[in-house]
Amino acid sequence: MPKSQSGYVFYDDQRKAWTARLTYTDEAGRRRNIKRQVENKTAGNALIKKLQREMEDHGASVMEGDKLTFGQVAEQYEKEKLIEPVYKGESKVAGLRSHVSQKRRLNTLVQHFSRKRIKSITHADIASFKMKRLAAPNKRDKGKELAVATVNRELQLLRAVLNYAKQQGWIIRNPFEFGAPLISTASETQRDRILTREEEERLLEACTGKRSHLLPLLITALDTAMRKGELLQLRWSDLDLAEGLIMVRATTTKTMTARTIGMTQRVKSELQKLWHNSMQDADNLVFGITDNFKRSFTSVCQLACVNGFRFHDTRHTAATRMIQAGMPPMQVMKITGHTQ
């Protein structure tokens, strides 16, 4: 709470306008002034009383929100929150694994809200941003607009930034807290692309020559439902080839929960071949891929005439096949690492 505060209203001859001025001492002992133009003396006195109530209820930090722009808050949020993950043992204690993609989304938000005062952002402003983004062109898929899921991820980050501003005392309420819901995951298009057995056969046959490194990766993905990130971070020390088990480390999973997956015979066979042809160092990556393999995967799909198939669809395919084989849904969840 500010140590002292006083205010008065005066007529500014230079600006030819009434001005309300509030002077207070913040928690750090610094003298602060707030000036705002008002219609008349009565409106100025009412504003001063309102500001005094806000400081009494929420502290002097709420006054900083009058000066801070979204761009300034976003910069502070990025420095504190959007950093590389920090682990202690198998637990993540700080940072985000998705910090790179989140920074890209934050740039989009800054481009739109940069100069707007953080305290003046309204529910209507966010709704306007949402409609603008939904009508924006998709740079990856020319001729189409941005997907609802893409815009939802941006809105979720915006909500997080505004919650951060609220925690710092710069705003009293987050605009997301009232009015019609701004984020609707039910409106997102759910992918249900499942690879047929015939398509799988053609896909694996296309993994030859300079694309042969994709063969064991695809087989493992199709039989275990592991996520791409989990596969690429898999080390030989995570495997028990004798027992046919894969130990997925918590630090590589989306949900930060470790799990163990049994190998099918063909997965075990492929991994044994890889181990035999590797340097046989337990700390090395199983698949030896350190960058994105999107281009080679796209080429394999084109050669196999498999259309509309993304690598993440291997996970959908694996889970569907487990269910179709009669495996109980709860067991499938344990294997795939799904939370629902």
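The values are calculated or read from the model by the stated rules, or taken from the named source; none is laboratory data. The shown structure was predicted, so the numbers you read here are calculated from the model rather than taken from an experiment. So basically every Cβ, Gly included, is an ideal-geometry build from the backbone, and we count neighbours across all protein chains shown. Surface accessibility is based on the protein's heavy atoms, side chains included, excluding ligands, DNA and RNA. Shrake-Rupley method; radii C 1.70, N 1.55, O 1.52, S 1.80 Å.
Pick from segment 100-127 the residues that are within 12 Å of A74 (Cβ to Cβ) and outside any helix (DSSP H, G or I): which of them is most open to solvent (accessible area, probe 1.4 Å)? Residue satisfying both the conditions and the ranking: R115.
For segment 230-248, a tally of residues being under 21 Å from F293 (Cβ atoms) and either of a type in the set (A, V, I, L, M) or open to solvent by 40 Å² or more (accessible area, probe 1.4 Å) (or both) returns 8.
Within segment 148-189, the residues that satisfy the criterion of being open to solvent by 70 Å² or more (accessible area, probe 1.4 Å), more than 25 Å from D57 (Cα to Cα) and either of a type in the set (F, W, Y) or without any contact (Cβ under 8 Å) to a residue 24 or more places away in the chain (or both) are P181, A186. With respect to F309, is the statement that it is among the hydrophobic types (A, V, I, L, M, F, W, C), closer than 23 Å to R211 by Cβ and part of a loop (DSSP other than H, G, I, E, B) true? Considered against the rule, which asks whether it is among the hydrophobic types (A, V, I, L, M, F, W, C), closer than 23 Å to R211 by Cβ and part of a loop (DSSP other than H, G, I, E, B), F309 comes out as yes. One residue alone among Y87, Y24, Y11 is of a type in the set (S, T, Y), open to solvent by less than 20 Å² (accessible area, probe 1.4 Å) and outside any helix (DSSP H, G or I), and that residue is Y24. When M63 is tested against (1) closer than 23 Å to R115 by Cβ; (2) open to solvent by 50 Å² or more (accessible area, probe 1.4 Å); (3) part of a helix (DSSP H, G or I), only condition (2) is not met. A single entry from R227, R211, R202 fulfils the requirement of being touching a residue at least 60 places away in the same chain (Cβ under 8 Å), open to solvent by less than 50 Å² (accessible area, probe 1.4 Å), out of contact with any Phe, Trp or Tyr (no Cβ under 8 Å at 6 or more places or on another chain) and not aliphatic (A, V, I, L, M): R227. Take the conditions (1) over 29 Å from the mean Cα position of the chain (by Cα); (2) over 18 Å from S212 (Cα atoms); K268 misses just one of them, which is (2).
The residue that is nearest to P216 (Cα to Cα), counting only those in segment 314-340 that are in a helix (DSSP H, G or I) and of a type in the set (G, A, S), is A318.
Restricted to segment 133-144, and to residues there that are open to solvent by 70 Å² or more (accessible area, probe 1.4 Å) and within 20 Å of the chain's Cα centre (by Cα), the residue that is farthest from N107 (Cα to Cα) is R140.
H316 falls short of the stated requirement of being open to solvent by 60 Å² or more (accessible area, probe 1.4 Å), within 28 Å of the chain's Cα centre (by Cα) and not small (G, A, S).
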